[in-house]
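As structure tokens, the structure follows; a few thoughts come after it.
Laboratory data are not the source of any read-out in this text; all were calculated from the coordinates shown. Please read these numbers as outputs of a predicted model, since none were measured by experiment. Ideal geometry is used to build each Cβ from the backbone, glycine not excepted, and the neighbour counts take in all protein chains shown.
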Amino acid sequence: MQLLIAYQSDPAGFNMASFISKQMKKEDEVYSGDDFDLVVIPTPAISADWLEEKYQYDGYVFLSKHASESGTLALTCHSTGNFGDALFGGSPRQVSIPHPHLQKSYMKHLWDKRNVFSKFEITIEATHHGPTALSKPTLFIEIGTTEKEWNDRELCENVAKIVLNEMSMPQKKYDVAICFGGTHYPEKFTKELLEGDLALGTVIPKHALGNIDENLFEHILSRNNEAKFALIDWSGLGNNKQKVIDMIKSTDLEMIKI
């Protein structure tokens with residue numbers, strides 16, 4: 001069973017959780033459902049590496065606000081992890097186990113309903129921030145990008161309806177790829193997720209490739225044990241192209257250039 005998590009002081013996450021919890025039964029701190037449970041936590045979601053000390057589940061899905069300097073309105077979804085220092089939760093040089101099948105199903109459903117969200121970009125983000133230490137798949141589902149959107153109950157409920165639907169359905173399985181290159185909002189990988197056959201594991205953006213050495217690469221592989229493919233933004237690798245190619249060739253991953 002999966003656990004949905006929202007931070008009580010995160011307006012977008014709390015609004016989504018409030019809508020979903022209406023259909024659930026509360027036992028102590030946990031809202032119980034047939035297909036998943038939900039909990040509202042008192043500390044920030046990005047620092048929730050402690051979660052398994054209290055809640056043991058098969059996967060962890062965080063409902064959250066999204067913020068960006070550009071202010072572009074966006075609905076995003078991403079795995080968590082730090083390729084360098086841990087500036088926003090988690091541990092340095094540690095990535096979570098991704099949640100690729102749920103991410104793909106959720107994003108495809110969101111895209112199918114894009115007319116409802118016509119003002120928003122629908123995009124994944126590269127892997128970033130915490131928590132990073134959980135032993136089961138971890139995913140962030142986010143609403144951006146300002147206080148106005150985070151406090152828009154209708155918007156939050158419309159996103160929550162999709163989350164509720166996807167969490168209540170049997171999970172379809174896909175082939176999984178680890179992604180290399182591109183920007184923080186990787187258009188090529190988002191397109192593959194929405195239109196292609198692959199689900200996505202850890203997404204390592206161009207700006208983080210310089211941090212990838214043998215030890216971190218082996219750690220990323222260990223957290224993506226479902227992955228059969230390496231999906232490469234061929235024009236988005238920068239100076240680390242040859243290093244990335246050599247590392248992938250040392251594995252059983254099948255390389256796909258896009």
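Things to note:
- On the basis of the beta-carbon distance and an R0 of 22 Å, Gln23 and Arg153 show a calculated FRET efficiency of 0.85.
- Size descriptors for the chain: radius of gyration and Dmax over Cα atoms are 17.4, 54 Å.
- Computed from Cα atoms, the angle from the helix 214-223 axis to the main principal axis of the chain rounds to 40 degrees.
- FRET efficiency, Ser32 to Lys173 (Cβ-Cβ, R0 30 Å, nearest 0.05): 0.70
- Nearest-ten-degree value, helix 100-112 long axis tilted from longest Cα axis of the chain: 70 degrees
- Ordering Phe117, Phe140, Phe62, Phe88 from the fewest to the most neighbouring beta carbons within 10 Å gives Phe88, Phe117, Phe62, Phe140.
- Residue-wise HN-Hα couplings along segment 36-48, as the Karplus relation 6.51 cos²θ - 1.76 cosθ + 1.60 with θ = phi - 60° gives them from phi, are 7, 10, 9, 9, 9, 9, x, 10, x, 4, 5, 10, 8 Hz; Gly and Pro carry x.
- Alpha-carbon centroids, segment 41-94 and segment 232-251: separation in whole Å: 27 Å
- In straight-distance terms, cross-link reach from Lys243 covers every one of the lysines whose alpha-carbon lies under 27 Å from its own, apart from those fewer than eight places away in the same chain; here that gives Lys188, Lys191, Lys206, Lys228, Lys257.
- Each residue of segment 237-248 was assigned a 3J(HN,Hα) from its phi angle through the Karplus curve 6.51 cos²θ - 1.76 cosθ + 1.60 (θ = phi - 60°); the sequence is 9, x, 6, 9, 4, 5, 4, 5, 4, 4, 5, 5 Hz, with glycine and proline shown as x.
- Translational D in µm²/s for segment 181-258 (Stokes-Einstein at 20 °C, 1.002 mPa s, Kirkwood Rh from C-alpha pairs): 168 µm²/s
- Compactness of segment 13-165 as Cα Rg over 2.2 N^0.38 Å, two decimals: 1.00
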